[in-house]
Amino acid sequence: MTWAVWAVTGFLFACGAAMIVLRRQLLAMLMGLELMISAVNIALVYYCSRYADGETLASVLLIIAIAAAEAVVGLSLILKVYEAGREVETESLQELKG
Amino acid sequence: MSLAVLALAGCVAAFFAALMVFQRSLYAAAICLLIVLLQVSVFFFFSGAPLLAFLQVMIYAGAVMVLVVITIMAAPSQVSDPWSRTAVPRWLAVAAVAVPVAEAVAMAWSSGAASLPAAGISLQPSIASVLFGPYAAATEAVTLLLLLAGLAMADEGARR
């Protein structure tokens, strides 16, 4: 069972990393990040259920909350880029404009 | 039975994660991510953490994905290809709906019976004692972080 959980979490993590590396759209990269965080959460929950460790469960709950906050801030930054009418590809975002 | 559902959730999550990487349309990628997040919550449930499964669905599959879709809708037209043009095969769309329904039935059927040997509902009370005991400072910090993140989005709305 453990190898299966590691296989799924490793694969999900790799897909998330591929999204970040291969895609050029900011939103696609943010979705890849969410996938990577979910993969880590699966591994944590599996091991905390194997060893009945409540502390890990609490840390997963905090990770979910922090990841939600990160998604909100990231999405509002992306909305600002759209609002400024600038290109949405990562190559064109070279410098910070006031 | 729950191990079979765990295996199904793992396979479906891996399949749609791979599909997500190659989707040109952001809509299609968002739908694939939603299905993966739902499978993660199924995994949490059958690993003996129903509270986390509930939070995963509520926060991730709910709130974050709604924001992602709103951001896609706000994107310039060349970024947000409409879903229809991605020509997702019909059987795949039906499978994407049928699998969560089957898993929901399995969850309802086995609710409370944790699958993995060490897991159990006894873990739930320990979350609260940990969050408001040794992790109290981290809990307060995350609460403030969520408030500030909400302000980031509220500021966005106030400007429009």
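The values are calculated or read from the model by the stated rules, or taken from the named source; none is laboratory data. From a predicted model like this one, the values you see are computed outputs, not experimental measurements. Backbone-built Cβ (ideal geometry, glycine too); neighbour counts: all protein chains shown. Remember, those area values only see protein heavy atoms, side chains included, never the ligands or the DNA or RNA. Shrake-Rupley method; radii C 1.70, N 1.55, O 1.52, S 1.80 Å.
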Förster radius 25 Å - calculated FRET efficiency between B:F22 and B:I70, Cβ distance, rounded to 0.05: 0.55
Protein accessible surface hidden between A and B, which excludes ligands and nucleic acids, total in Å², probe 1.4 Å: 4900 Å²
Per residue accessible area in Å² of chain A, where ligands, DNA and RNA are left out and the probe is 1.4 Å: 45 Å²
Estimated inter-spin distance, B:A128 and B:A104, nm [label 7 Å along Cα→Cβ]: 2.8 nm
Helix-derived mean residue ellipticity, 222 nm - over chain A, DSSP H n ≥ 4, -39500 (n - 2.57), to 500: -27500 deg cm²/dmol
Nearest-10 value in Å² for the accessible area of A:E70, using the 1.4 Å probe: 50 Å²
Reduction of at least 20 Å² in accessible surface, 1.4 Å probe, comparing all protein chains with the chain by itself, residues of region B:139-153: B:V142, B:L145, B:L146, B:A149, B:A152, B:M153
Ratio Rg/Rh, restricted to chain A and using Cα atoms, in which Rh is the Kirkwood radius: 1.10
Gain on full stretching of the segment that runs from B:L151 to B:V94 - 0.36 nm per residue minus C-alpha separation: 16.7 nm
